[in-house]
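Undergrad: Following this message is one structure expressed as structure tokens.
The values are calculated or read from the model by the stated rules, or taken from the named source; none is laboratory data. The structure presented is a predicted model; accordingly, all values stated were derived computationally and were not measured. Don't worry about glycine lacking a Cβ; one is built from the backbone with ideal geometry, like all the others, and counts go over all protein chains shown.
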């Protein structure tokens, strides 16, 4: 048997004309034989040379290697790593056009997967006031290259971390923490598989930073890493190892403040395993959009499903509603209870149900509770069939659905509109420069 390694064949390349943009910010092209291509980094009208990363019988996926002709005007991206890093999609697209494209992508996926017609009321995308340096939460990949630790995002079409000395979408405090950790990890003998992922969470004001690490083996000297990183980032307050045996250094919680709410600011305790919205500059805008959609009247009963740390429950309660919050993460429920008390609200005003959406809704239906409105903010997986059935069984006047994945939203709306009218859909630019878009859907009983 030969000992010589056979070099892997280079991924195939193709030249394509892009017809349109579809959900996920893929440029769609069709070959003469009918095969469909989904190409990252392309816009309608572009002629591109693309490298394929995934191939199926009827479709291929890839990314742009070279644009031979621009179908639309482009910007010079502010980030020098834009063409290689897979973290951003729209840095070379004028901001106003990126908002239009996100609206078009949402409309396209709702029509294609949800079965809605072109008359669907999809409003213009709500812009973010700060299109760069907005992310207060980042999930970073970790690897070792030539004895240097790299923390960041994958190169387009690969599982190789891009070496970058700055990131244009991370809050400055989050980016400083990323760089401080890279320096603190160096020379400590950690293996490349010891630490595989980490999250950096910060407050909008940058007054608190939390690092959550996971991997295959608990490294023996993480505490000195925490201390060294803290010298460069004094706001670094908590360091958590969450895989296998859990370890904590410092304070594993953050406190976020959302100003200008009914009755004054709202304060949130956020544990390391709890979720809070990514964008540091959109809290007030998002709270107002959701509040207007739910339209609390007096002493309404509102069900808040996938309620997390009580993010929206507290706003509803401040407006006078009675709220039942349903959340399956025990740490988030503990945070939510603390947040209810910290904001001067009673457990009678905001009741916590620690259960997944299906079990929680079943419990509330058995109790005979009838909400005027149900608000849900699920993960990317959306709501399960059982959860959707129970929402329909509760027969609220209004359903308001906040989604971070328009594809699963389309599936869920198709089910819910068997008994409800879809009034309007609002795309929200919670993730500027990226292919992601938040979507708020409002439904009323037929």
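Undergrad: Confirm whether residue 435 is at pLDDT below 95 and part of a loop (DSSP other than H, G, I, E, B).
TA: Yes: the conditions hold for residue 435.
Undergrad: Taking the criterion of being modelled with pLDDT of 95 or more and buried (at least 22 other Cβ atoms within 10 Å of the Cβ), would at least one residue in the stretch 185-196 satisfy it?
TA: no
Undergrad: Just one of (1) surrounded by 21 or more Cβ atoms within 10 Å (Cβ to Cβ); (2) touching a helix residue (DSSP H, G or I) at 6+ places or on another chain (Cβ under 6 Å) trips up residue 88, so point out which.
TA: Every listed condition holds for residue 88 apart from (2).
Undergrad: Also, quick follow-up: Given the residues 164, 138, which is the only one that is more than 19 Å from residue 25 (Cβ to Cβ) and assigned to a strand (DSSP E or B)?
TA: When all the criteria are applied, what remains is 138.
Undergrad: In the stretch 296-310, what residues are surrounded by 22 or more Cβ atoms within 10 Å (Cβ to Cβ) and over 15 Å from residue 354 (Cα atoms)?
TA: 302
Undergrad: Hey, can you tell me all the residues within the stretch 19-32 that are crowded, with 23+ Cβ neighbours inside 10 Å and more than 24 Å from the chain's Cα centre (by Cα)?
TA: The one that is crowded, with 23+ Cβ neighbours inside 10 Å and more than 24 Å from the chain's Cα centre (by Cα): 29.
Undergrad: Shifting gears a bit: Please enumerate the residues belonging to the stretch 141-161 that are assigned to a loop (DSSP other than H, G, I, E, B) and either under 22 Å from residue 275 (Cβ atoms) or touching a strand residue (DSSP E or B) at 6+ places or on another chain (Cβ under 7 Å) (or both).
TA: 153, 156, 157, 160
Undergrad: For the stretch 35-69, enumerate the residues that are exposed (fewer than 14 other Cβ atoms within 10 Å of the Cβ), in contact (Cβ under 8 Å) with a residue 12 or more places away in the chain and assigned to a loop (DSSP other than H, G, I, E, B).
TA: Answer for the stretch 35-69, where residues must be exposed (fewer than 14 other Cβ atoms within 10 Å of the Cβ), in contact (Cβ under 8 Å) with a residue 12 or more places away in the chain and assigned to a loop (DSSP other than H, G, I, E, B): just 58.
Undergrad: For the stretch 282-295, does any single residue satisfy the condition of being on the phi > 0 side of the Ramachandran plot, modelled with pLDDT of 95 or more, assigned by TED's automatic domain parsing to the domain that holds residue 436 and surrounded by fewer than 23 Cβ atoms within 10 Å (Cβ to Cβ)?
TA: yes
Undergrad: Can you confirm whether the stretch 349-357 contains a residue that is assigned to a helix (DSSP H, G or I) and surrounded by fewer than 18 Cβ atoms within 10 Å (Cβ to Cβ)?
TA: No, the conditions are met nowhere in the stretch 349-357.
Undergrad: Would you pick out the residues in the stretch 97-114 that are surrounded by fewer than 16 Cβ atoms within 10 Å (Cβ to Cβ) and within 28 Å of residue 162 (Cβ to Cβ)?
TA: 97 - this is the single residue of the stretch 97-114 that is surrounded by fewer than 16 Cβ atoms within 10 Å (Cβ to Cβ) and within 28 Å of residue 162 (Cβ to Cβ).
Undergrad: Can you name the residue in the stretch 316-335 that is buried (at least 23 other Cβ atoms within 10 Å of the Cβ) and without any contact (Cβ under 8 Å) to a residue 60 or more places away in the chain and, of all such residues, is nearest to residue 130 (Cα to Cα)?
TA: 316
Undergrad: Follow-up question, since we're still on this one. If you scan the stretch 358-387, which residues turn out to be under 25 Å from the mean Cα position of the chain (by Cα) and buried (at least 18 other Cβ atoms within 10 Å of the Cβ)?
TA: Scanning the stretch 358-387 gives 358, 360, 361, 373, 374, 375, 376, 377, 378, 382, 383, 387.
Undergrad: Need a quick list: helices (runs of 4 or more DSSP H) entirely within the stretch 201-318 having at least 3 residues that are touching a helix residue (DSSP H, G or I) at 6+ places or on another chain (Cβ under 6 Å) and more than 25 Å from residue 428 (Cβ to Cβ).
TA: Fully inside the stretch 201-318 and qualifying: 222-232.
Undergrad: Of the residues 391, 399, only one is in the same structural domain as residue 435 (by TED's automatic domain parsing), modelled with pLDDT of 95 or more, in a helix (DSSP H, G or I) and in contact with a strand residue (DSSP E or B) (Cβ under 6 Å, 6 or more places away or on another chain); which?
TA: Answer to the check: 391.
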